[in-house]
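Colleague: The structure is given below, and queries will be raised subsequently.
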Amino acid sequence: KAKQQGRNNFQWYTSDLNQRVCEYASLRNDLQKAIETQTLQLHYQPQVDARTGRVVGLEALLRWEHPEKGFISPTVFVPVAEDSGQIIPLSLWVLDAACAQLRQLSDQGTTSISMAVNISPMHFHRGHFVQYVQATLEKHGLRGEQLELEITESLLLNNAEQAIETLHRLKALGVRIALDDFGTGFSSLSYLKRLPIDKIKIDRSFVQEIATDHNDAAITQGIISMAHHLSLTVVAEGVETESQMEFLKGSYCDVFQGYYFAKPMPFVELEAFLDLPASIRDRQS
Ligand code: C2E
Ligand code: MG
Ligand code: MG
Ligand code: MG
């Protein structure tokens, strides 16, 4: 009896596994079509200066509306693309599209707003990454200072020396570097002093509880203070409430990003949003 049950369990297990392999394969195929037909989209989330309330930056975020399955989160399909190698054509497209939109905003007079693009480690470590960034900036007539690349600590896992060297070459172009999801990775603080970065982004998981959890509040304040001593700018991710914003403001956080200010939005909505900077200032005072 037990044996039979065991076998049944095994069958369940394999069929479940088969199903997952099939789903994965179909997701990969559909993603391929989406890349080829350019049906993926970028949405843009504003980043707001804590003191002036002005929009100082935008983060470009991938969006995929699957023809049958509806919205699929980048936390689901980006790992698939990284695994299959599709992340390379995808990332090339993201950087080019984000820069094209930045050029358009720049032409509309918003020259002080920078664009942040998430960089996958595989893309970063690929040969000619720095040349591609440089060529893309030139293609769209942008200054390096207008572009920000968001990296994560996982970039340093395999070849830290080479990664640091690449970062220095990007910095030489004027490009800014932000360390994303800070505090969640294998944070080795010893790297922090060696990395040529400009910003750290405090992960949403810390920001979520700052107004209610004493430990998260202490960690967040510690990160901000340390970053400032290292002359780094601090961005808080996932600011959703007024009390979170007030706490961060009182802790001298420099930049806010989160639903409290704005959700990621398509470019057309962004144009309308940026015409109304006063409405953001009003919400803060
Ligand atoms: P991330 O780079 O840390 O991006 C921030 C995520 O937090 C975004 O999720 C954003 O929509 C979400 N977010 C912002 N404010 C709030 C808030 O107040 N509340 C909540 N609950 N969430 C907030 P999204 O767009 O789903 O992206 C998830 C992740 O997927 C990104 O995390 C990034 O790691 C990856 N990703 C997105 N676009 C790209 C891309 O173009 N290239 C690469 N390589 N990765 C990307
Ligand atoms: Mg990011
Ligand atoms: Mg992040
Ligand atoms: Mg994140």
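Colleague: Please work out if Met122 is modelled with pLDDT under 95, away from ligand 4 (no atom under 16 Å from the Cβ) and touching an Asp or Glu at 6+ places or on another chain (Cβ under 9 Å).
Modeller: When the stated conditions are applied, Met122 passes them.
Colleague: Among the residues of the range 123-139, which ones are crowded, with 17+ Cβ neighbours inside 10 Å and either within 20 Å of Leu58 (Cβ to Cβ) or within 16 Å of ligand 1 (Cβ to nearest atom) (or both)?
Modeller: Answer for the range 123-139, where residues must be crowded, with 17+ Cβ neighbours inside 10 Å and either within 20 Å of Leu58 (Cβ to Cβ) or within 16 Å of ligand 1 (Cβ to nearest atom) (or both): His123, Phe124, Phe129, Val133, Thr136, Leu137.
Colleague: If you don't mind, there's one more thing I want to ask. Out of the residues in the range 153-182 that are open to solvent by less than 60 Å² (accessible area, probe 1.4 Å), more than 16 Å from ligand 4 (Cβ to nearest atom) and farther than 16 Å from Arg194 by Cβ, state the one that is nearest to the chain's Cα centre (by Cα).
Modeller: Val175
Colleague: If you go through the range 183-230 one residue at a time, how many are small (Gly, Ala, Ser), crowded, with 16+ Cβ neighbours inside 10 Å and more than 16 Å from ligand 2 (Cβ to nearest atom)?
Modeller: 3
Colleague: Right, something else. Identify all residues within the range 183-226 that are part of a loop (DSSP other than H, G, I, E, B), over 17 Å from Ile151 (Cβ atoms), more than 16 Å from ligand 4 (Cβ to nearest atom) and of a type in the set (S, T, N, Q); write none if there are none.
Modeller: Hit for the range 183-226 is Thr212, nothing else.
Colleague: Could you tell me which of the residues Leu142, Leu61, Leu105 is within 16 Å of ligand 2 (Cβ to nearest atom) and either open to solvent by less than 10 Å² (accessible area, probe 1.4 Å) or in contact with a Leu (Cβ under 9 Å, 6 or more places away or on another chain) (or both)?
Modeller: Leu61
Colleague: Could you say whether any residue in the range 188-199 is over 30 Å from Asp107 (Cβ atoms), among the charged types (D, E, K, R) and free of Cβ contacts under 8 Å to residues at least 12 places away in the same chain?
Modeller: no
The values are calculated or read from the model by the stated rules, or taken from the named source; none is laboratory data. These numbers were taken from a predicted model, which means no experiment stands behind them. Glycine gets a Cβ as well: all are built from the backbone with ideal geometry, and neighbour counts include every protein chain shown. When the accessible area is computed, the model is the full protein with side chains, heavy atoms only, and any ligands, DNA or RNA have been set aside. Shrake-Rupley method; radii C 1.70, N 1.55, O 1.52, S 1.80 Å.
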